[in-house]
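Here's the structure, in structure tokens; my notes come after.
The values are calculated or read from the model by the stated rules, or taken from the named source; none is laboratory data. Quantities reported herein were computed from a predicted structural model and do not represent experimental measurements. Quick reminder, even Gly has a Cβ in these numbers, built from the backbone with ideal geometry, and neighbours come from all protein chains shown. Just so you know, the surface numbers come from the protein's heavy atoms only, side chains and all, with ligands and any DNA or RNA stripped out. Shrake-Rupley method; radii C 1.70, N 1.55, O 1.52, S 1.80 Å.
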Amino acid sequence: MGSLFRSESMCLAQLFLQSGTAYECLSALGEKGLVQFRDLNQNVSSFQRKFVGEVKRCEELERILVYLVQEITRADIPLPEGEASPPAPPLKQVLEMQEQLQKLEVELREVTKNKEKLRKNLLELIEYTHMLRVTKTFVKRNVEFEPTYEEFPSLENDSLLDYSCMQRLGAKLGFVSGLIHQGKVEAFEKMLWRVCKGYTIVTCAELDEALEDPETGEVIKWYVFLISFWGEQIGHKVKKICDCYHCHIYPYPNTAEERKEIQEGLNTRIQDLYTVLHKTEDYLRQVLCKAAESVYSRAIQVKKMKAIYHMLNMCSFDVTNKCLIAEVWCPEADLPGLRQALEEGSRESGATMPSFMNTIPTKETPPTLIRTNKFTEGFQNIVDAYGVGSYREVNPALFTITTFPFLFAVMFGDFGHGFVMFLFALLLVLNESHPRLQQSQEVLRMFFHGRYILLLMGLFSVYTGLVYNDCFSKSVNLFGSGWNVSAMYSSGRTPGGHKKMELWNDSVVRHSKILQLNPSVPGVFRGPYPFGIDPIWNLATNRLTFLNSFKMKMSVILGIIHMTFGVILGIFNHLHFRKKFNILLVSVPELLFMLCIFGYLLFMIVYKWLVYSAATSREAPSILIEFINMFLFPTGEAHGLYTGQTHVQRVLLVVTVLSVPVLFLGKPLFLLWLHNGRSCLGLNRSGYTLVRKDSEEEVSLLGNQDIEEGRNQAEDSCREVMSEEFNFGEILMTQVIHSIEYCLGCISNTASYLRLWALSLAHAQLSDVLWAMLMRVGLRVDSTYGVLLLLPVMALFAVLTIFILLIMEGLSAFLHAIRLHWVEFQNKFYAGAGTKFIPFSFSLLSSKFSNDDDLA
């Protein structure tokens with residue numbers, strides 16, 4: 001798996017790939033996923049690179065495969081997804097596969113086009129039969145209810161010279177019939193009335209069944225209409241209006257015999273079309289079923305081939321154009337695997353000249369690679385969300401595996417809630433290989449990827465719940481309380497005992513609303529509870545005061561330890577990067593500042609817990625007052641925690657004050673001294689080493705004067721470079737800002753850890769309120785109806801517990817734990833300014849059928 005403490009050691013390698021073996025070598029590298037390619041053609045546009053034609057060919061094949069998948073999906077044919085990923089196709093098979101896919105596409109498009117044309121003709125004929133059936137009822141109704149008035153007025157009443165009368169006599173009666181969408185009928189009738197000025201008769205009727213539109217394929221309700229008009233001009237207007245409203249116009253028969261012949265012909269054609277359409281669909285399904293068998297493997301092969309050509313476009317050619325040169329980042333541990341992959345690629349291509357590689361020195365910062373598994377991946381993602389670690393710096397994910405679920409559990413501490421979360425995460429872990437979980441919706445997929453985080457969060461919450469002795473806001477008496485109530489009771493009536501309220505008697509028990517246990521009375525406090533908070537505190541009226549004091553001090557202790565550990569981890573970074581001066585001038589002053597103030601606060605809390613007992617608790621001073629007096633130097637004599645406290649505090653303050661200027665000015669002044677006083681020494685040493693590396697012949701050819709002149713020139717040029725690179729003002733300002741941020745951050749970050757106390761209190765109180773409002777009410781109901789009421793109350797309690805206390809409160813504690821790690825812990829040592837190592841790996845290619853899949 002590699003080290004999780006630091007990122008992998010990387011090296012820059014140069015690959016020399018023969019033109020005939022480059023494709024096979026990159027195919028072998030893609031299967032192993034060992035290297036990250038550098039783009040050597042950044043100044044060349046994507047359309048001017050060497051293998052742009054091959055990339056376009058792959059995109060064309062992808063387009064054909066996407067079309068095949070769409071047709072297969074439309075035909076409800078299952079897409080088989082193979083378990084094994086097929087290798088990239090050899091170059092000899094690429095042209096053959098391209099011809100097969102293109103031929104299959106042409107055939108499918110032709111068959112699909114014929115099928116759509118047959119289907120459209122069939123739908124039109126079905127519409128025509130419905131139109132004839134409905135308009136036949138129009139004709140019968142018009143004959144049955146024929147009016148008694150004449151269609152044309154009598155010639156005896158009108159003059160033959162009347163132009164309008166002559167026009168009406170010469171007019172020819174015409175018909176237009178068809179179908180129109182249900183929502184357009186009203187507007188259609190109005191438009192006919194306004195344009196034709198009443199010279200039309202429109203008859204409409206709704207079809208009983210919805211028909212499929214031949215153009216769109218949508219199933220909608222239709223109206224059959226029959227329009228009677230007089231004159232050719234009116235007929236042209238009617239037909240134009242029908243076109244505007246997208247009506248489906250069909251010829252209207254003039255006689256009953258013609259109608260009968262048309263209907264018989266339509267029935268025959270419909271039966272023929274059904275037969276041809278079924279045969280076409282069967283043939284199309286056979287072709288698609290055969291294509292579906294290999295579409296998955298071909299899609300994966302095309303994606304791999306396209307990824308290979310993308311990487312080849314990042315390579316450069318040598319002067320002879322016979323060899324490809326690539327530069328890759330590779331982990332040092334994977335160099336043997338890289339050589340083996342090149343050998344395999346050369347062997348598969350059958351080349352006589354094998355491809356080879358060599359490492360080259362570089363001053364560029366390598367990418368960061370931290371190997372993870374399914375357990376550590378979630379915690380590494382939390383760290384990477386803040387920022388990818390700089391190369392070879394300490395990785396916080398190793399410690400986040402423990403500290404993150406623990407700090408979450410401190411805020412979420414409840415045995416019952418933690419156990420429910422643990423069971424849910426355990427269910428996901430046990431079924432992690434289930435395909436439905438891996439392909440689930442976004443929310444469930446998020447829980448699935450963080451299943452091990454949830455598992456540890458639930459497990460740690462069970463532990464802190466046992467420490468708090470909280471189980472759904474109730475305490476559990478596992479070992480028996482350490483407090484004895486009977487020792488406080490005395491049947492005698494001693495005036496002194498009654499006055500001091502040390503012992504209880506009958507009068508005290510009867511008249512007192514609150515009974516106080518005194519641990520100084522013998523036999524009352526028999527010893528601490530073996531594990532966690534004593535369950536008797538669940539009955540105490542001052543329970544909240546006691547828990548607040550305990551959780552607040554615990555939060556401060558955990559925060560100081562967490563931050564101090566972050567500063568110590570910074571020392572490991574300075575040691576690794578060989579900046580030992582940062583240890584003395586940065587890390588040590590930071591530790592002194594932290595420990596002399598806040599470490600001393602931690603010491604006082606623990607010291608008071610250990611030294612003062614129940615008998616001397618009234619004499620114990622307040623830690624808060626003592627901590628404030630540490631900075632105010634009170635003149636009056638005060639009883640401190642221990643003897644010599646004032647002298648110790650003054651020494652700690654002096655050390656704190658002295659560490660501040662060292663933190664502000666130590667590193668800039670040291671670098672300035674190193675720049676001014678040590679540069680010549682470093683230059684002479686480097687010059688001596690350079691001469692010693694040369695051969696004796698080269699040294700003898702150079703005269704002493706040439707060596708001195710070269711040394712002086714090198715010294716002048718080095719000083720110019722050093723003066724350009726070294727900027728004392730910038731270094732000083734950076735260190736001052738860092739120091740101010742650290743000193744103020746120690747105060748604010750310590751206060752920020754009080755969120756552990758606040759969220760733990762909020763979770764406990766919310767759980768208590770939910771119990772009091774639901775379960776307590778359900779348990780107090782009369783036994784007659786209590787069982788009937790208790791079941792819905794328990795169901796409601798379970799639902800509210802899951803959605804409010806587990807999901808909402810859990811999300812809140814999760815976000816606060818992330819903030820404590822990102823801001824309070826990681827900023828002490830973690831820069832997070834690196835770039836992630838993204839290897840050229842076929843495993844990063846998506847196996848889904850989509851048009852936008854690329855190399856991740």
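Please arrange 631, 37 by accessible surface area, largest first, computed with a 1.4 Å probe and ligands excluded.
Details: 631 90, 37 20 Å².
Order by accessible area, largest first: 631, 37.
What the Cβ-Cβ distance of residue 290 and residue 52 gives, at R0 = 45 Å and to the nearest 0.05, is a FRET efficiency of 0.85. Taking the chain as the reference, fit the longest principal axis to its C-alpha atoms, fit the long axis of helix 185-196 to the helix C-alpha atoms, and give the angle between the two in degrees, 0 to 90, nearest 10. Here the helix axis deviates by roughly 50 degrees.
For region 190-261, averaging the sequence separation of C-alpha pairs within contact (under 8 Å, six or more residues apart) and dividing by the residue count gives a relative contact order of 28 percent. Taking amide H atoms as placed 1.01 Å from N in the peptide plane, the amide H of residue 525 lies under 5 Å from those of 484, each 5 or more residues away in sequence or on another chain. List the lysines whose Cα lies under 30 Å from the Cα of residue 190, skipping any in the same chain that are fewer than 8 positions away. Here the lysines satisfying the reach criterion relative to residue 190 are 136, 140, 172, 221, 237, 239, 240.
Given a Förster distance of 30 Å, report the FRET efficiency between residue 808 and residue 744 from their Cβ-Cβ distance, rounded to the nearest 0.05.
Once the sixth-power term is evaluated, E becomes 0.35.
Ordering 473-483, 508-518 by mean Cβ neighbour count within 10 Å, with the highest value first, yields 473-483, 508-518. Annotation: amide H-H contacts under 5 Å for residue 178 (H modelled 1.01 Å from N, sequence separation of 5 or more, or interchain): 225, 250. Proximity of backbone amide H atoms, modeled 1.01 Å from N, is registered between residue 10 and 332 at under 5 Å, excluding neighbours fewer than 5 places apart on the same chain. Extending 7 Å from the Cα toward the beta-carbon at both residue 121 and residue 844 defines two label points whose distance is 5.4 nm.
Which length gain, in nm to one decimal place, applies between residue 606 and residue 538 when the Cα-Cα distance is subtracted from 0.36 nm times their residue separation? Don't jump to the answer; show the numbers that get you there.
On the way: separation 68, 0.36 × 68 = 24.48 nm, distance 2.46 nm.
Answer, rounded to one decimal: 22.0 nm.
By definition, a body whose alpha carbon gyration tensor gives a ≥ b ≥ c is oblate when a/c is 1.5 or more and a/b is not larger than b/c, and region 441-595 fits this oblate description. Taking every C-alpha pair closer than 8 Å and separated by at least 6 residues, the mean separation divided by the residue count of region 373-532 gives a relative contact order of 23 percent. A simple rule links phi to the HN-Hα coupling: the Karplus curve 6.51 cos²θ - 1.76 cosθ + 1.60 with θ = phi - 60°, which for region 800-811 gives 5, 5, 5, 7, 9, 7, 8, 7, 5, 5, x, 5 Hz, with x for Gly and Pro. Against the chain, whose longest principal axis comes from its Cα atoms, helix 335-349 is set at around 30 degrees. The reciprocal of the average 1/r between distinct C-alpha atoms defines the Kirkwood hydrodynamic radius, which for the chain equals 37.9 Å.
Extension gain, residue 343 to residue 823: 0.36 nm times the residue separation minus the Cα-Cα distance gives 168.0 nm. Computed from backbone phi with θ = phi - 60° and the Karplus coefficients 6.51, -1.76 and 1.60, the 3J(HN,Hα) list for region 258-273 is 5, 4, 5, 4, 5, 5, 5, x, 5, 4, 5, 5, 5, 5, 5, 5 Hz; x is used for glycine and proline.
In terms of distances greater than 24 angstrom between alpha carbons, the cross-link table entries 120/184; 32/374; 103/279; 50/322; 32/56; 363/579 yield 32/56.
Put a dot 7 Å past the Cα of residue 557, heading toward its Cβ, do the same for residue 728, and the two dots end up 4.9 nm apart. Spin-label model, residue 215/residue 623: points 7 Å from Cα along the beta carbon direction are separated by 8.1 nm.
Taking the Cβ-Cβ separation of residue 613 and residue 572 as r and a Förster radius of 41 Å, what is the calculated FRET efficiency to the nearest 0.05? Walk me through the numbers on the way to the answer.
Values: r = 41 Å, r/R0 = 1.01.
According to the calculation, E is roughly 0.50.
Sequence-ordered 3J(HN,Hα) estimates for region 300-307 from the Karplus curve with 6.51, -1.76 and 1.60 and θ = phi - 60° stand at 5, 5, 5, 5, 5, 4, 5, 5 Hz, glycine and proline given as x.
Compared with the direct C-alpha span, the chain from residue 244 to residue 182 gains 20.8 nm at full extension, assuming 0.36 nm per residue.
Taking the DSSP beta bridges in the chain as the whole, what percent of them are antiparallel, to the nearest 5? Spell out each step's value before the answer.
Values: 42 of 44 bridges.
Antiparallel: roughly 95 percent of the beta bridges in the chain.
Taking the Cα centre as origin and putting +1 on Lys and Arg beta-carbons and -1 on Asp and Glu beta-carbons, what dipole magnitude results for the chain, to the nearest 20 debye?
Working: 81 positive and 89 negative charges, 675 e Å.
That gives the chain a dipole magnitude of about 3240 debye.
Roughly what angle does helix 397-412 make with the longest principal axis of the chain, taking Cα atoms, 0 to 90 degrees, to the nearest 10? It is inclined by approximately 90 degrees.
Relative contact order of the chain: what whole-number percent is it, with Cα pairs under 8 angstrom and at least 6 residues apart? The partial results should precede the final answer.
Numbers: 981 pairs, mean separation 176.9, N = 856.
Relative contact order for the chain comes out at 21 percent.
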